[in-house]
Amino acid sequence: MSTRHVLLGLLAAGPCHGYDLKRQYDARFPQARPLAYGQVYTTLQRLVRDGLAAVEGTDSDGGPERTLYGSTDEGARELARWAGEITAPAPFVTNEIFAKVVVSILVAAAAARTGQGGPDAAAHLRAQRAAHMERMRELTALKAAPGADLSTVLSADYALVHLDADVRWMTTTTARIDTLTAEVHAA
Amino acid sequence: MSPSDEQLFPGETALITARGLKKAYGRTDALRGASLDLHAGEILAVTGTSGSGKSTLLHCLAGIVRPDDGSVTYGGERIDRASEERLGELRRTDFGVVFQFGQLIPELTALDNVALPLLLAGVRRGPAQQRAGEWLERFGVRGQADLRPGEMSGGQSQRVALARALVTGPKAVFADEPTGALDTLAGEQVMTALVHTAREAGTAVLLITHDARTAAYADREVWLRDGVVDPGADAVTVQEAARHEG
(Lines give C-alpha, C1' and ligand atoms only; values in the text may rest on other atoms or scores of the structure.)
Protein backbone atom coordinates (compact mmCIF):
# COMPACT_ATOMS: atom_id res chain seq x y z
CA MET A 1 0.00 0.00 0.00
CA SER A 2 1.33 3.46 -0.87
CA THR A 3 1.43 5.22 2.51
CA ARG A 4 2.23 8.45 0.70
CA HIS A 5 -0.99 8.40 -1.30
CA VAL A 6 -3.13 7.22 1.57
CA LEU A 7 -1.91 10.10 3.74
CA LEU A 8 -2.56 12.46 0.85
CA GLY A 9 -6.07 11.02 0.64
CA LEU A 10 -6.66 11.63 4.35
CA LEU A 11 -5.50 15.23 3.86
CA ALA A 12 -8.14 15.66 1.14
CA ALA A 13 -10.72 16.08 3.91
CA GLY A 14 -8.85 19.15 5.20
CA PRO A 15 -5.62 20.13 6.98
CA CYS A 16 -4.47 17.78 9.69
CA HIS A 17 -1.42 17.20 11.85
CA GLY A 18 0.76 14.09 11.92
CA TYR A 19 -0.64 12.58 15.08
CA ASP A 20 -4.24 12.68 13.84
CA LEU A 21 -3.19 11.32 10.45
CA LYS A 22 -1.63 8.30 12.11
CA ARG A 23 -4.76 7.70 14.19
CA GLN A 24 -7.03 7.96 11.16
CA TYR A 25 -4.78 5.66 9.13
CA ASP A 26 -4.73 2.97 11.84
CA ALA A 27 -8.52 3.20 12.26
CA ARG A 28 -9.32 3.03 8.54
CA PHE A 29 -6.91 0.19 7.75
CA PRO A 30 -7.10 -2.06 10.80
CA GLN A 31 -5.45 -4.98 9.01
CA ALA A 32 -2.41 -3.00 7.94
CA ARG A 33 0.57 -2.70 10.24
CA PRO A 34 0.08 0.41 12.44
CA LEU A 35 2.04 3.37 11.07
CA ALA A 36 5.12 4.47 13.00
CA TYR A 37 5.12 8.18 13.91
CA GLY A 38 8.53 8.51 12.31
CA GLN A 39 7.15 7.22 9.01
CA VAL A 40 4.24 9.66 9.13
CA TYR A 41 6.55 12.68 9.56
CA THR A 42 9.10 11.51 6.99
CA THR A 43 6.30 10.93 4.48
CA LEU A 44 4.76 14.34 5.18
CA GLN A 45 8.15 16.04 4.70
CA ARG A 46 8.60 14.30 1.35
CA LEU A 47 5.08 15.29 0.25
CA VAL A 48 5.99 18.93 1.09
CA ARG A 49 9.34 18.61 -0.72
CA ASP A 50 7.55 17.32 -3.84
CA GLY A 51 4.95 20.08 -3.72
CA LEU A 52 2.06 17.69 -3.05
CA ALA A 53 1.39 18.97 0.47
CA ALA A 54 2.14 22.24 2.27
CA VAL A 55 2.46 23.43 5.83
CA GLU A 56 -0.73 25.35 6.59
CA GLY A 57 0.14 26.64 10.04
CA THR A 58 0.32 25.36 13.57
CA ASP A 59 -2.09 24.64 16.37
CA SER A 60 -1.31 23.91 19.95
CA ASP A 61 -4.72 22.95 21.35
CA GLY A 62 -3.38 23.67 24.86
CA GLY A 63 -0.43 21.27 24.41
CA PRO A 64 2.81 21.40 22.43
CA GLU A 65 2.72 23.19 19.10
CA ARG A 66 1.84 20.93 16.15
CA THR A 67 2.31 21.52 12.45
CA LEU A 68 -0.79 21.40 10.27
CA TYR A 69 -0.40 19.94 6.80
CA GLY A 70 -2.75 20.32 3.86
CA SER A 71 -2.92 18.99 0.30
CA THR A 72 -1.94 21.26 -2.61
CA ASP A 73 -3.66 21.36 -6.02
CA GLU A 74 -0.83 19.29 -7.39
CA GLY A 75 -1.36 16.85 -4.52
CA ALA A 76 -5.05 16.55 -5.46
CA ARG A 77 -4.10 15.85 -9.10
CA GLU A 78 -1.54 13.22 -8.08
CA LEU A 79 -4.10 11.60 -5.77
CA ALA A 80 -6.70 11.43 -8.57
CA ARG A 81 -4.08 9.88 -10.88
CA TRP A 82 -3.07 7.25 -8.30
CA ALA A 83 -6.64 6.40 -7.25
CA GLY A 84 -7.66 5.80 -10.87
CA GLU A 85 -4.58 3.73 -11.73
CA ILE A 86 -5.24 0.03 -12.24
CA THR A 87 -3.18 -2.10 -9.88
CA ALA A 88 -1.05 -4.66 -11.72
CA PRO A 89 -2.53 -8.14 -11.32
CA ALA A 90 0.82 -9.28 -9.94
CA PRO A 91 1.36 -12.60 -8.24
CA PHE A 92 1.55 -12.31 -4.50
CA VAL A 93 3.48 -14.51 -2.07
CA THR A 94 3.00 -17.69 -4.10
CA ASN A 95 6.11 -16.90 -6.09
CA GLU A 96 8.30 -17.03 -3.01
CA ILE A 97 6.73 -20.26 -1.78
CA PHE A 98 7.14 -21.81 -5.24
CA ALA A 99 10.81 -20.73 -5.31
CA LYS A 100 11.37 -22.35 -1.91
CA VAL A 101 9.71 -25.58 -3.05
CA VAL A 102 11.91 -25.81 -6.16
CA VAL A 103 15.07 -24.92 -4.18
CA SER A 104 14.14 -27.56 -1.57
CA ILE A 105 13.88 -30.18 -4.33
CA LEU A 106 17.28 -29.14 -5.78
CA VAL A 107 19.01 -29.11 -2.39
CA ALA A 108 17.43 -32.46 -1.44
CA ALA A 109 18.70 -34.01 -4.68
CA ALA A 110 22.23 -32.71 -4.02
CA ALA A 111 22.11 -33.94 -0.42
CA ALA A 112 20.89 -37.36 -1.52
CA ARG A 113 23.89 -37.71 -3.87
CA THR A 114 26.21 -37.31 -0.89
CA GLY A 115 24.08 -39.59 1.25
CA GLN A 116 22.87 -36.78 3.51
CA GLY A 117 19.38 -35.76 4.53
CA GLY A 118 17.97 -32.68 2.79
CA PRO A 119 14.95 -30.42 3.02
CA ASP A 120 11.51 -31.95 2.40
CA ALA A 121 9.46 -29.84 -0.01
CA ALA A 122 6.18 -31.54 0.94
CA ALA A 123 6.85 -30.98 4.65
CA HIS A 124 7.65 -27.36 3.88
CA LEU A 125 4.29 -26.96 2.11
CA ARG A 126 2.48 -28.53 5.05
CA ALA A 127 4.18 -26.16 7.51
CA GLN A 128 3.44 -23.18 5.25
CA ARG A 129 -0.19 -24.26 4.98
CA ALA A 130 -0.44 -24.50 8.78
CA ALA A 131 0.95 -20.96 9.08
CA HIS A 132 -1.54 -19.68 6.51
CA MET A 133 -4.43 -21.41 8.31
CA GLU A 134 -3.36 -19.91 11.64
CA ARG A 135 -3.45 -16.40 10.13
CA MET A 136 -6.80 -17.16 8.45
CA ARG A 137 -8.25 -18.21 11.82
CA GLU A 138 -7.07 -14.92 13.37
CA LEU A 139 -8.61 -12.85 10.57
CA THR A 140 -11.86 -14.85 10.69
CA ALA A 141 -12.16 -14.36 14.46
CA LEU A 142 -11.63 -10.63 13.93
CA LYS A 143 -14.36 -10.29 11.33
CA ALA A 144 -16.81 -12.67 13.02
CA ALA A 145 -16.53 -10.88 16.38
CA PRO A 146 -19.84 -9.34 17.46
CA GLY A 147 -19.91 -5.66 16.53
CA ALA A 148 -17.09 -5.83 13.97
CA ASP A 149 -17.53 -2.85 11.62
CA LEU A 150 -17.70 -3.23 7.85
CA SER A 151 -14.19 -1.77 7.33
CA THR A 152 -12.76 -4.52 9.52
CA VAL A 153 -14.82 -7.21 7.75
CA LEU A 154 -13.88 -6.05 4.25
CA SER A 155 -10.19 -5.59 4.94
CA ALA A 156 -10.04 -9.01 6.66
CA ASP A 157 -11.89 -10.48 3.65
CA TYR A 158 -9.30 -9.05 1.29
CA ALA A 159 -6.50 -10.77 3.20
CA LEU A 160 -8.54 -13.99 3.55
CA VAL A 161 -9.26 -14.45 -0.15
CA HIS A 162 -5.57 -13.95 -0.98
CA LEU A 163 -4.44 -16.39 1.69
CA ASP A 164 -7.12 -18.80 0.46
CA ALA A 165 -5.67 -18.58 -3.06
CA ASP A 166 -2.26 -19.54 -1.64
CA VAL A 167 -3.77 -22.45 0.28
CA ARG A 168 -5.50 -23.77 -2.85
CA TRP A 169 -2.25 -23.51 -4.75
CA MET A 170 -0.38 -25.33 -1.96
CA THR A 171 -3.01 -28.11 -1.94
CA THR A 172 -2.62 -28.66 -5.69
CA THR A 173 1.16 -28.48 -5.48
CA THR A 174 1.30 -30.97 -2.59
CA ALA A 175 -0.79 -33.40 -4.62
CA ARG A 176 1.62 -33.04 -7.59
CA ILE A 177 4.91 -32.83 -5.73
CA ASP A 178 6.25 -36.15 -7.05
CA THR A 179 5.74 -35.07 -10.67
CA LEU A 180 7.33 -31.69 -9.94
CA THR A 181 10.32 -33.38 -8.30
CA ALA A 182 10.84 -35.59 -11.38
CA GLU A 183 10.56 -32.55 -13.65
CA VAL A 184 13.04 -30.49 -11.61
CA HIS A 185 15.52 -33.39 -11.59
CA ALA A 186 15.17 -33.90 -15.35
CA ALA A 187 15.77 -30.23 -16.22
CA MET B 1 8.70 -37.26 24.96
CA SER B 2 5.75 -36.19 22.90
CA PRO B 3 3.26 -33.87 24.55
CA SER B 4 0.12 -35.54 25.82
CA ASP B 5 -3.41 -34.32 25.25
CA GLU B 6 -3.47 -33.08 28.82
CA GLN B 7 -0.46 -30.83 28.17
CA LEU B 8 -1.89 -29.45 24.95
CA PHE B 9 -5.46 -29.13 26.10
CA PRO B 10 -5.17 -28.48 29.84
CA GLY B 11 -8.32 -29.44 31.69
CA GLU B 12 -9.95 -30.89 28.60
CA THR B 13 -10.61 -34.49 27.82
CA ALA B 14 -11.64 -35.81 24.45
CA LEU B 15 -15.40 -36.02 23.97
CA ILE B 16 -15.07 -38.36 21.01
CA THR B 17 -11.97 -40.39 20.21
CA ALA B 18 -11.42 -42.21 16.95
CA ARG B 19 -8.50 -44.61 16.57
CA GLY B 20 -7.29 -46.42 13.48
CA LEU B 21 -10.57 -46.18 11.59
CA LYS B 22 -10.81 -48.23 8.41
CA LYS B 23 -13.76 -48.33 6.07
CA ALA B 24 -14.04 -49.66 2.54
CA TYR B 25 -16.90 -49.38 0.06
CA GLY B 26 -16.46 -52.32 -2.30
CA ARG B 27 -12.85 -52.12 -3.43
CA THR B 28 -12.48 -48.47 -2.50
CA ASP B 29 -10.77 -47.68 0.79
CA ALA B 30 -12.45 -44.56 2.16
CA LEU B 31 -10.58 -44.64 5.48
CA ARG B 32 -7.22 -46.33 5.95
CA GLY B 33 -6.47 -45.89 9.66
CA ALA B 34 -7.73 -42.40 10.58
CA SER B 35 -7.38 -41.20 14.17
CA LEU B 36 -8.54 -38.00 15.81
CA ASP B 37 -9.90 -36.48 19.01
CA LEU B 38 -12.86 -34.12 19.24
CA HIS B 39 -12.71 -32.21 22.52
CA ALA B 40 -15.73 -30.96 24.44
CA GLY B 41 -16.79 -27.54 23.16
CA GLU B 42 -14.17 -27.27 20.44
CA ILE B 43 -14.78 -26.53 16.79
CA LEU B 44 -12.66 -28.86 14.69
CA ALA B 45 -12.39 -28.61 10.92
CA VAL B 46 -11.62 -31.74 8.91
CA THR B 47 -10.35 -30.69 5.50
CA GLY B 48 -9.07 -32.56 2.49
CA THR B 49 -9.68 -32.94 -1.20
CA SER B 50 -12.65 -34.79 -2.70
CA GLY B 51 -12.43 -38.50 -1.99
CA SER B 52 -10.06 -38.10 0.96
CA GLY B 53 -12.54 -39.80 3.29
CA LYS B 54 -13.90 -36.72 5.11
CA SER B 55 -17.58 -37.63 4.95
CA THR B 56 -16.96 -41.28 5.83
CA LEU B 57 -15.01 -40.11 8.88
CA LEU B 58 -17.96 -37.95 9.95
CA HIS B 59 -20.40 -40.82 9.41
CA CYS B 60 -18.26 -43.13 11.59
CA LEU B 61 -17.92 -40.55 14.38
CA ALA B 62 -21.64 -39.75 14.38
CA GLY B 63 -22.58 -43.43 14.54
CA ILE B 64 -24.25 -43.33 11.11
CA VAL B 65 -21.82 -45.86 9.63
CA ARG B 66 -19.85 -48.60 11.40
CA PRO B 67 -16.11 -48.72 10.64
CA ASP B 68 -14.67 -52.02 9.38
CA ASP B 69 -11.84 -51.67 11.89
CA GLY B 70 -10.73 -49.31 14.63
CA SER B 71 -12.71 -47.73 17.46
CA VAL B 72 -14.93 -44.73 18.15
CA THR B 73 -15.36 -43.85 21.81
CA TYR B 74 -17.88 -41.31 23.09
CA GLY B 75 -17.69 -40.50 26.80
CA GLY B 76 -16.04 -43.86 27.45
CA GLU B 77 -18.60 -45.81 25.41
CA ARG B 78 -17.56 -47.77 22.29
CA ILE B 79 -20.15 -46.50 19.85
CA ASP B 80 -18.73 -48.49 16.95
CA ARG B 81 -20.07 -51.53 18.81
CA ALA B 82 -23.30 -50.00 20.12
CA SER B 83 -26.70 -51.41 19.16
CA GLU B 84 -28.81 -49.71 16.48
CA GLU B 85 -31.25 -48.75 19.21
CA ARG B 86 -28.52 -47.04 21.25
CA LEU B 87 -27.15 -45.27 18.16
CA GLY B 88 -30.63 -44.00 17.36
CA GLU B 89 -30.91 -42.68 20.89
CA LEU B 90 -27.53 -40.92 20.65
CA ARG B 91 -28.50 -39.29 17.37
CA ARG B 92 -31.75 -38.04 18.92
CA THR B 93 -30.22 -36.65 22.11
CA ASP B 94 -26.43 -36.23 22.11
CA PHE B 95 -25.54 -35.66 18.46
CA GLY B 96 -26.83 -33.23 15.85
CA VAL B 97 -26.12 -33.60 12.14
CA VAL B 98 -26.23 -31.05 9.31
CA PHE B 99 -25.59 -31.92 5.66
CA GLN B 100 -24.67 -29.86 2.61
CA PHE B 101 -28.32 -29.68 1.61
CA GLY B 102 -30.24 -29.14 4.86
CA GLN B 103 -32.38 -32.24 4.26
CA LEU B 104 -35.32 -30.64 5.99
CA ILE B 105 -38.65 -32.42 5.64
CA PRO B 106 -40.31 -30.61 2.71
CA GLU B 107 -43.90 -31.04 3.96
CA LEU B 108 -43.19 -29.43 7.35
CA THR B 109 -42.81 -25.73 8.17
CA ALA B 110 -39.47 -24.45 9.48
CA LEU B 111 -40.93 -24.40 13.00
CA ASP B 112 -42.17 -28.01 12.78
CA ASN B 113 -38.86 -29.18 11.29
CA VAL B 114 -37.01 -27.77 14.30
CA ALA B 115 -39.61 -29.05 16.79
CA LEU B 116 -39.44 -32.59 15.36
CA PRO B 117 -36.35 -33.84 17.26
CA LEU B 118 -37.93 -32.65 20.51
CA LEU B 119 -41.20 -34.45 19.74
CA LEU B 120 -39.22 -37.62 18.99
CA ALA B 121 -37.48 -37.19 22.34
CA GLY B 122 -40.87 -37.11 24.08
CA VAL B 123 -41.34 -33.36 24.59
CA ARG B 124 -45.00 -32.25 24.31
CA ARG B 125 -46.02 -30.23 21.24
CA GLY B 126 -46.53 -26.85 22.97
CA PRO B 127 -43.15 -26.65 24.72
CA ALA B 128 -41.43 -28.22 21.69
CA GLN B 129 -42.77 -25.52 19.37
CA GLN B 130 -41.88 -22.80 21.84
CA ARG B 131 -38.30 -24.02 22.10
CA ALA B 132 -38.10 -24.46 18.32
CA GLY B 133 -39.17 -20.82 17.93
CA GLU B 134 -36.40 -19.70 20.30
CA TRP B 135 -33.81 -21.56 18.24
CA LEU B 136 -35.10 -20.09 14.98
CA GLU B 137 -34.68 -16.70 16.67
CA ARG B 138 -31.07 -17.48 17.58
CA PHE B 139 -30.31 -18.27 13.97
CA GLY B 140 -32.12 -15.18 12.71
CA VAL B 141 -34.89 -17.08 10.87
CA ARG B 142 -37.84 -16.58 13.23
CA GLY B 143 -39.59 -14.69 10.43
CA GLN B 144 -39.50 -17.87 8.31
CA ALA B 145 -41.15 -20.07 10.98
CA ASP B 146 -44.29 -20.74 8.90
CA LEU B 147 -42.50 -21.30 5.59
CA ARG B 148 -41.79 -24.70 4.09
CA PRO B 149 -38.24 -25.53 2.90
CA GLY B 150 -39.17 -24.85 -0.77
CA GLU B 151 -40.20 -21.32 0.16
CA MET B 152 -36.88 -20.35 1.79
CA SER B 153 -33.48 -19.38 0.37
CA GLY B 154 -30.59 -21.85 0.67
CA GLY B 155 -29.03 -19.84 3.48
CA GLN B 156 -32.30 -19.69 5.42
CA SER B 157 -32.90 -23.44 4.99
CA GLN B 158 -29.41 -24.15 6.23
CA ARG B 159 -29.90 -21.98 9.32
CA VAL B 160 -33.15 -23.85 10.02
CA ALA B 161 -31.21 -27.13 9.65
CA LEU B 162 -28.65 -25.84 12.19
CA ALA B 163 -31.44 -24.88 14.59
CA ARG B 164 -32.83 -28.42 14.20
CA ALA B 165 -29.38 -29.91 14.89
CA LEU B 166 -28.90 -27.84 18.06
CA VAL B 167 -32.43 -27.75 19.49
CA THR B 168 -31.98 -30.83 21.68
CA GLY B 169 -28.83 -29.37 23.28
CA PRO B 170 -26.45 -31.98 21.84
CA LYS B 171 -22.88 -32.45 23.03
CA ALA B 172 -21.62 -32.59 19.45
CA VAL B 173 -22.80 -31.34 16.08
CA PHE B 174 -21.52 -32.94 12.87
CA ALA B 175 -21.66 -30.60 9.91
CA ASP B 176 -20.84 -32.02 6.46
CA GLU B 177 -20.05 -29.16 4.04
CA PRO B 178 -22.79 -27.01 5.61
CA THR B 179 -21.98 -24.06 3.33
CA GLY B 180 -21.15 -26.13 0.22
CA ALA B 181 -24.31 -25.14 -1.65
CA LEU B 182 -24.34 -21.47 -0.62
CA ASP B 183 -22.81 -18.30 -2.05
CA THR B 184 -20.01 -16.65 -0.06
CA LEU B 185 -22.12 -14.21 1.91
CA ALA B 186 -24.87 -16.71 2.81
CA GLY B 187 -22.14 -19.21 3.73
CA GLU B 188 -20.51 -16.70 6.05
CA GLN B 189 -23.82 -15.94 7.76
CA VAL B 190 -24.39 -19.66 8.32
CA MET B 191 -20.86 -20.17 9.70
CA THR B 192 -21.03 -17.12 11.97
CA ALA B 193 -24.39 -18.31 13.34
CA LEU B 194 -23.08 -21.84 13.86
CA VAL B 195 -19.86 -20.77 15.58
CA HIS B 196 -21.49 -18.22 17.90
CA THR B 197 -24.32 -20.54 18.90
CA ALA B 198 -22.08 -23.57 19.42
CA ARG B 199 -19.70 -21.54 21.60
CA GLU B 200 -22.58 -20.15 23.67
CA ALA B 201 -24.04 -23.61 24.17
CA GLY B 202 -20.63 -25.28 24.69
CA THR B 203 -21.36 -27.71 21.85
CA ALA B 204 -18.45 -29.38 20.05
CA VAL B 205 -18.58 -29.11 16.26
CA LEU B 206 -16.95 -31.41 13.75
CA LEU B 207 -16.92 -29.41 10.54
CA ILE B 208 -16.21 -31.15 7.25
CA THR B 209 -15.11 -28.81 4.48
CA HIS B 210 -12.82 -28.63 1.46
CA ASP B 211 -12.70 -24.85 1.79
CA ALA B 212 -9.94 -23.14 3.81
CA ARG B 213 -12.07 -20.06 4.45
CA THR B 214 -14.77 -22.17 6.07
CA ALA B 215 -12.15 -24.16 8.00
CA ALA B 216 -10.80 -20.88 9.37
CA TYR B 217 -13.94 -20.55 11.53
CA ALA B 218 -12.74 -23.58 13.54
CA ASP B 219 -10.34 -23.64 16.49
CA ARG B 220 -8.07 -26.11 14.71
CA GLU B 221 -7.87 -28.22 11.61
CA VAL B 222 -6.95 -31.75 10.69
CA TRP B 223 -6.08 -32.54 7.11
CA LEU B 224 -7.26 -35.85 5.71
CA ARG B 225 -5.37 -37.37 2.82
CA ASP B 226 -6.13 -40.74 1.24
CA GLY B 227 -8.10 -41.88 4.26
CA VAL B 228 -5.54 -41.01 6.93
CA VAL B 229 -4.84 -37.85 8.93
CA ASP B 230 -1.92 -36.17 7.19
CA PRO B 231 1.27 -36.16 9.29
CA GLY B 232 2.29 -32.68 10.30
CA ALA B 233 -1.09 -31.14 9.62
CA ASP B 234 -2.12 -31.72 13.19
CA ALA B 235 0.62 -32.65 15.61
CA VAL B 236 -1.71 -33.70 18.41
CA THR B 237 -3.58 -36.20 16.32
CA VAL B 238 -0.43 -37.68 14.86
CA GLN B 239 1.24 -38.02 18.24
CA GLU B 240 -1.91 -39.42 19.74
CA ALA B 241 -2.23 -41.92 16.92
CA ALA B 242 1.43 -42.92 17.22
CA ARG B 243 1.07 -43.43 20.96
CA HIS B 244 -2.02 -45.55 20.43
CA GLU B 245 -0.65 -47.59 17.55
CA GLY B 246 2.84 -47.83 19.04
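The values are calculated or read from the model by the stated rules, or taken from the named source; none is laboratory data. Everything numeric here is computed off the predicted structure, so don't read it as measured data. Note that we place each Cβ from the backbone using ideal geometry, even for glycine, and neighbour counts take in every protein chain shown.
The helices (runs of 4 or more DSSP H) found entirely in segment A:83-187 that carry 2 or more residues being within 14 Å of chain B (Cβ to nearest Cβ) and within 30 Å of B:Val195 (Cβ to Cβ) are A:121-144, A:150-175.
Residues that are touching a residue at least 12 places away in the same chain (Cβ under 8 Å) and under 26 Å from A:Ser151 (Cβ atoms) within segment A:35-67 comprise A:Leu35, A:Tyr37, A:Gln39, A:Val40, A:Tyr41, A:Thr43, A:Leu44, A:Leu47, A:Leu52, A:Ala53, listed in sequence order.
Within the set B:Arg159, B:Arg164, the sole residue that is part of a helix (DSSP H, G or I), in contact with a strand residue (DSSP E or B) (Cβ under 9 Å, 6 or more places away or on another chain), within 28 Å of B:Arg213 (Cα to Cα) and not hydrophobic (A, V, I, L, M, F, W, C) turns out to be B:Arg164. The requirement of being touching a helix residue (DSSP H, G or I) at 6+ places or on another chain (Cβ under 6 Å), at positive phi and not hydrophobic (A, V, I, L, M, F, W, C) is fulfilled somewhere in segment B:228-235, by at least one residue.
One line per residue, one yes/no per condition, for (1) in contact with a Cys (Cβ under 6 Å, 6 or more places away or on another chain); (2) in contact (Cβ under 8 Å) with a residue 60 or more places away in the chain; (3) under 22 Å from B:Arg220 (Cα atoms):
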position	(1), (2), (3)
A:Val101	no, yes, no
A:Ala109	no, yes, no
A:Leu139	no, yes, yes
A:Asp149	no, no, no
A:Ala159	no, yes, yes
A:His162	no, yes, yes
A:Thr173	no, yes, no
A:Leu180	no, yes, no
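Apart from one condition, A:Leu79 fits all of (1) out of contact with any strand residue (DSSP E or B) (no Cβ under 8 Å at 6 or more places or on another chain); (2) in contact (Cβ under 8 Å) with a residue 60 or more places away in the chain; the exception is (1).
Just so you know, in segment A:43-74 the residues that are part of a helix (DSSP H, G or I) and loosely packed, with under 12 Cβ neighbours inside 10 Å include one that is modelled with the highest pLDDT, and it is A:Arg49.
Taken over segment B:173-212, residues that are under 27 Å from B:Leu21 (Cβ atoms) and free of Cβ contacts under 8 Å to residues at least 12 places away in the same chain amount to 0. Can you find a residue that is within 14 Å of chain B (Cβ to nearest Cβ) and touching a Lys or Arg at 6+ places or on another chain (Cβ under 7 Å) anywhere in segment A:34-41? No; the residues of segment A:34-41 include none that is within 14 Å of chain B (Cβ to nearest Cβ) and touching a Lys or Arg at 6+ places or on another chain (Cβ under 7 Å). The criterion of being in contact (Cβ under 8 Å) with a residue 12 or more places away in the chain and touching a Ser or Thr at 6+ places or on another chain (Cβ under 6 Å) does not hold for B:Arg92. For B:Gln239, state whether it is modelled with pLDDT of 90 or more and either on the phi < 0 side of the Ramachandran plot or buried (at least 21 other Cβ atoms within 10 Å of the Cβ) (or both). So B:Gln239 fails the test.
Return yes when A:Ala145 is closer than 30 Å to A:Val103 by Cβ, of a type in the set (A, V, I, L, M) and loosely packed, with under 15 Cβ neighbours inside 10 Å and no when it is not. Against the criterion (closer than 30 Å to A:Val103 by Cβ, of a type in the set (A, V, I, L, M) and loosely packed, with under 15 Cβ neighbours inside 10 Å), A:Ala145 does not qualify.
Residues checked against (1) of a type in the set (Lys, Arg); (2) surrounded by fewer than 24 Cβ atoms within 10 Å (Cβ to Cβ); (3) more than 14 Å from chain A (Cβ to nearest Cβ); (4) under 13 Å from the mean Cα position of the chain (by Cα):
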site	(1), (2), (3), (4)
B:Phe174	no, no, yes, yes
B:Leu185	no, yes, no, no
B:Ala201	no, yes, yes, no
B:His210	no, yes, no, no
B:Trp223	no, no, no, no
